[in-house]
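Shown next, in structure tokens, is the structure this report addresses.
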Amino acid sequence: MFACRLPWWRSSVTCKSWQSGHFVPWGSCQMLTVKGVNTTVGQEQQAGMKEKQMLEDSEMHLARRDAEALFQEQPKTGNQYLEDTLLQSYLKTHLPLKVLEEVHQKLERFGKRLLNEIQPLGWECELNPPVFRQFDAWGRRVDHIHTCLAWRRMKEISAEEGLIAEAYEKRYSHWSRLYQAVKLYLFSSSSGGFSCPLAMTDGAAKVIESLGIPAPLKNAFDRLTSRDPEEFWTSGQWMTERRGGSDVANGTETVARKQPDGTYRLYGFKWFTSAADSDMALTLARIADAEGQCTQGSRGLSLFFLRVRDEQGKLNNIQVQRLKDKLGTRQMATAELWLQGARAELISAEGRGVAAISNMLNITRIHNVIGAVAAMRRMISLSRDYACKRVAFGKLLKNHPLHVQTMARMEVQVRGAFLLLMDIVRLLGLAETSLASEQEQLLLRLLIPVAKLYTGKQASAVAVEAMESFGGQGYMEDTGLPVILRDALVLSIWEGTTNILSLDVLRSLAKSQGQVMAVFLSAVKKKLELASGIKELSPATQRAQEAIGSLQQFMTTMGIGRALSMELAARDFSYSLARIYTGRATQEPQSHGMGWGRHSPALSPCRWCHQELCPVAAESARGSYGDKAVLQDSALVFGSSRL
């Protein structure tokens, strides 16, 4: 069905072997240079018969092996669910037994499907990005976006697996959202970019559900949450216009004109529309009055639903200007669109568009966290397997202490991010089934932007570090590793950059008049109290408690009315919240998981809490948030003060 070219090493680069004076494959030359290193008998035995054979083969003359490929073994992963001990440990700790038994079987089956079917399709999506054809052979404008067969199959699989439906069927009550998140976490790094349209589809379904699923939107909701591939729809969210993305209040120029039948016609230019091949979209626009005037600012924005094409497949008075040439997520069609009278339906109260999309933003930001954690886990899983196969300087990489230390630091980052994600989707599940307390809802409101901004940064850093663990092979396109890095880089940009979300965190504090911060501190302290009786955790617990004290002291010192100082501190403040809360999460039993060998269950929390947990307090002590700091920063960047 597909001409699948799985990524990995297919080159036959050569270099000169100084020992023999002959040219040999690059990987073999690496093996040969091991002879120049003083190794003990024990080390040579440890290398094993396979490694000895590789060393002997490397001395063969090129004439006998001129067609041989690079001598390195491809890192592989098996069933992602069965290999993820932390995930399994978390589910066993939290899920009711009956639910656990059922989802365990389903996830094991899903893991097999990922390995045997979905991963090859994902690579096909990367090899065959969408193509835009603006005109047909006879000069007629068609604006056709062609996607590959593998991409279309991903849509079918998403429906079959209920990757959206799971959250809305609620067959497992408040655990349904967590189960959906787990499936998306396993799916993400193999999805060939299809996790992005799923994020927007989930967000659109959430908006419609929050509106009470009005009759005109019932068909759309049923299709967005369908398990039938023939019925399933994906949705776009068209918010970004020429003036930018996050500042929708001032950047939205699209105008909506009411028609006699009660529908609207939209006129405007959408600068960045992801998943442009979707079936429908939600978008913001300003309703024009009888004189053609529009209310400016956020009060003038309303939310609209539109079909991208009619039943015959013709675009809904939409012209595609071009596809975006992106650094990553190339598998997905992202376009610039002209709306030239696109037929749409008003679905929010007039002027309440920004409020209506808040549910969508929460969902898509959680999907962003899922993608970040999944990308990190994928890179580390491959790196770990490679360390068990790759020989350098006479022994496997896993037997080099410095290499293992580097991997352990990455592993702790992934574990912390995973536990933060699980806590958020658990709280979301409670909120969606009306089981969340007021305190839990406040905590959820705070944690979503905190987790999104922090894991987005983590994903890029871990992906770069993990790529380095493969040496030069990590830089090779056909290994598939650069794809993971490129796709991870968007995670700190899409759905709000780090600075935008940091300011959002401050808004959540101000809007709740300090309640959300009190809830945050209470939640962290309660967990630390439970861990305080465990001797092995005492160093981590102590550091976390000290960080809480520093955070409280910072907030007291900052006080009220120092808006500029708080804005300067917003990023470090958000990082502090993320690290402290995650430090608390790592001290729970399910966070310990399994390592490569014998180890203390306190390793993860102690490693996590060894970093600076409260950077905002440290930077405040250095005077980073005052008026003087603003002038110094401006002079440093621009050569003189611009403020």
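Please verify whether K527 is without any contact (Cβ under 8 Å) to a residue 24 or more places away in the chain, over 29 Å from E465 (Cα atoms) and among the basic types (K, R), treating the condition exactly as stated.
For K527, the condition - without any contact (Cβ under 8 Å) to a residue 24 or more places away in the chain, over 29 Å from E465 (Cα atoms) and among the basic types (K, R) - is not met.
Out of all the residues in the range 445-462, which are of a type in the set (A, V, I, L, M) and free of Cβ contacts under 8 Å to residues at least 60 places away in the same chain?
Kept after step one, since they are of a type in the set (A, V, I, L, M), are these residues of the range 445-462: 446-448, 450-451, 453, 459, 461-462.
Residue satisfying the conditions is A461 alone.
Is at least one residue of the range 254-266 assigned by the TED database to the domain that holds K314, of a type in the set (D, E) and free of Cβ contacts under 8 Å to residues at least 24 places away in the same chain? Among the residues of the range 254-266, at least one is assigned by the TED database to the domain that holds K314, of a type in the set (D, E) and free of Cβ contacts under 8 Å to residues at least 24 places away in the same chain, which makes the answer yes.
Looking across the range 158-184 at every residue that is in contact with a Lys or Arg (Cβ under 8 Å, 6 or more places away or on another chain), assigned to a helix (DSSP H, G or I) and closer than 27 Å to G480 by Cα, the one that is most open to solvent (accessible area, probe 1.4 Å) is identified as E160. Here the range 559-602 is the region considered, the condition is being surrounded by fewer than 21 Cβ atoms within 10 Å (Cβ to Cβ), among the polar types (S, T, N, Q) and part of a helix (DSSP H, G or I), and the residue that is modelled with the lowest pLDDT is Q590.
Remark: I424 falls outside the filter, which requires a residue to be part of a helix (DSSP H, G or I) and either among the charged types (D, E, K, R) or touching a residue at least 60 places away in the same chain (Cβ under 8 Å) (or both).
Of all residues in the range 217-243, those satisfying the criterion of being outside any loop (DSSP other than H, G, I, E, B), of a type outside the set (K, R) and surrounded by 13 or more Cβ atoms within 10 Å (Cβ to Cβ) are L217, A220, F221, D222, L224, S235, G236, Q237, W238, T240, E241.
Scanning the range 285-300 for residues that are within 30 Å of P130 (Cβ to Cβ) and either of a type in the set (V, I, T) or at pLDDT below 95 (or both) yields no hits at all.
Any chance the range 603-616 includes a residue that's open to solvent by less than 40 Å² (accessible area, probe 1.4 Å), hydroxyl-bearing (S, T, Y) and touching a Leu at 6+ places or on another chain (Cβ under 7 Å)? Scanning the range 603-616, I find no residue that is open to solvent by less than 40 Å² (accessible area, probe 1.4 Å), hydroxyl-bearing (S, T, Y) and touching a Leu at 6+ places or on another chain (Cβ under 7 Å), so the answer is no. If you filter the range 509-550 down to residues that are hydroxyl-bearing (S, T, Y) and either touching a helix residue (DSSP H, G or I) at 6+ places or on another chain (Cβ under 7 Å) or outside any helix (DSSP H, G or I) (or both), you find that the one that is farthest from E588 (Cα to Cα) is S512.
With respect to the conditions (1) part of a loop (DSSP other than H, G, I, E, B); (2) in contact (Cβ under 8 Å) with a residue 12 or more places away in the chain, A249 falls short on a single one, namely (1). Filtering L127, L100, L82, L114 for residues that are touching a residue at least 40 places away in the same chain (Cβ under 8 Å) and in contact with a helix residue (DSSP H, G or I) (Cβ under 8 Å, 6 or more places away or on another chain) leaves a single hit, L114.
Residues that are of a type in the set (D, E, K, R) and within 24 Å of F221 (Cβ to Cβ) were ranked within the range 315-363; the one that is least open to solvent (accessible area, probe 1.4 Å) is E345. Annotation: G351 fulfils all but one of (1) under 30 Å from Q293 (Cα atoms); (2) in a helix (DSSP H, G or I); the unmet one is (2).
Are any of the residues in the range 411-428 modelled with pLDDT of 95 or more, out of contact with any strand residue (DSSP E or B) (no Cβ under 7 Å at 6 or more places or on another chain), aromatic (F, W, Y) and not assigned by the TED database to the domain that holds T85? There is at least one residue in the range 411-428 that is modelled with pLDDT of 95 or more, out of contact with any strand residue (DSSP E or B) (no Cβ under 7 Å at 6 or more places or on another chain), aromatic (F, W, Y) and not assigned by the TED database to the domain that holds T85. The set of residues from the range 487-530 being within 21 Å of the chain's Cα centre (by Cα), of a type outside the set (S, T, Y) and open to solvent by 30 Å² or more (accessible area, probe 1.4 Å) comprises D487, L489, V490, I493, W494, N499, I500, L503.
Within the range 374-420, the set of residues being within 26 Å of Q119 (Cβ to Cβ) and of a type in the set (F, W, Y) comprises Y386, F418.
Per-residue answers, yes or no, for (1) in contact with a helix residue (DSSP H, G or I) (Cβ under 8 Å, 6 or more places away or on another chain); (2) within 23 Å of A518 (Cα to Cα); (3) surrounded by fewer than 21 Cβ atoms within 10 Å (Cβ to Cβ):
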| residue | (1), (2), (3) |
| --- | --- |
| I448 | yes, yes, no |
| T455 | yes, no, no |
| A459 | yes, no, no |
| G472 | no, no, yes |
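Of everything listed in (1) of a type outside the set (K, R); (2) closer than 23 Å to E166 by Cα; (3) crowded, with 18+ Cβ neighbours inside 10 Å, the single unmet condition for A285 is (2). Residues in the range 156-179 include none that are at pLDDT below 95, polar (S, T, N, Q) and over 23 Å from T329 (Cβ atoms).
As a summary of the residue check, L402 satisfies the conditions (1) of a type outside the set (S, T, N, Q); (2) in contact with a Phe, Trp or Tyr (Cβ under 6 Å, 6 or more places away or on another chain); (3) farther than 26 Å from T147 by Cα except for the one numbered (2).
In this entry, M54 is excluded by the filter for residues that are open to solvent by 90 Å² or more (accessible area, probe 1.4 Å) and modelled with pLDDT under 95.
Given the conditions (1) polar (S, T, N, Q); (2) surrounded by 24 or more Cβ atoms within 10 Å (Cβ to Cβ); (3) farther than 27 Å from F187 by Cα, and given that Q439 satisfies all but one, which numbered condition is not satisfied? That leaves (2) as the condition not met.
For residues that are under 22 Å from D310 (Cβ atoms) and open to solvent by less than 60 Å² (accessible area, probe 1.4 Å), scanning just the range 118-141, find the one that is farthest from the chain's Cα centre (by Cα). Here the residue is D136.
The values are calculated or read from the model by the stated rules, or taken from the named source; none is laboratory data. Keep in mind it's a predicted model, so treat the numbers as computed, not measured. Backbone-built Cβ (ideal geometry, glycine too); neighbour counts: all protein chains shown. Side chains are part of the model used for accessible areas, which takes the heavy atoms of the whole protein and leaves out ligands, DNA and RNA. Shrake-Rupley method; radii C 1.70, N 1.55, O 1.52, S 1.80 Å.
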